[in-house]
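Following: one structure in structure tokens, then a few remarks.
The values are calculated or read from the model by the stated rules, or taken from the named source; none is laboratory data. As the structure is a computational prediction, the values presented were derived from the model and not from experiment. All Cβ positions, even for glycine, are placed from backbone atoms using ideal geometry, and neighbour counts span all protein chains on display. SASA here: full protein model, heavy atoms, side chains in, ligands and nucleic acids out. Shrake-Rupley method; radii C 1.70, N 1.55, O 1.52, S 1.80 Å.
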Amino acid sequence: EALSRPVEGNEATRKALEGIASIARSTREALVEDRLDDVVDLFGEEWEARKRLDPRTSTPQMDRLAAVARAAGGAAKPCGPGGRGVAAVWAPPGARAAGRREAVREALAAAGFRVFRARIDLRGLEVE
């Protein structure tokens, strides 16, 4: 519904969309420049911008998932329409040993969330 509202003349919608686009550019730069820790904060910023665009995007379960991921050193945001069902979770990998990625995966599983491995490469998202 957020995108069905006219963008022209709706300053809040326009600003939220501009914010999401800016964060996407910053995320790309961080990934290209191997600033993987920065992506954690950018994920959180993007999720907050989406909630400003339409507060109904958030659900108690999604907020809980994001809080668990954040407490373990990562970040999460919903994927797909309506913020339901699937979330993207980011945590920087460890350097040749277990790192935050593993800690986030374990924390989410312990909190009752189903976790599956995925990776993003030049071909797009691949579920492992």
* What tally of residues in segment 48-58 results from selecting those that are open to solvent by less than 90 Å² (accessible area, probe 1.4 Å) and more than 14 Å from the chain's Cα centre (by Cα)? -> 2
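Condition test on Glu8, is it part of a helix (DSSP H, G or I), modelled with pLDDT under 90 and open to solvent by 70 Å² or more (accessible area, probe 1.4 Å)?
Values: part of a helix (DSSP H, G or I): no; modelled with pLDDT under 90: yes; open to solvent by 70 Å² or more (accessible area, probe 1.4 Å): yes.
Criteria not met by Glu8.
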* Structure fact -> Of the residues in segment 60-81 that are in contact with a strand residue (DSSP E or B) (Cβ under 6 Å, 6 or more places away or on another chain) and either assigned to a helix (DSSP H, G or I) or hydroxyl-bearing (Ser, Thr, Tyr) (or both), the one that is surrounded by the most Cβ atoms within 10 Å (Cβ to Cβ) is Ala69
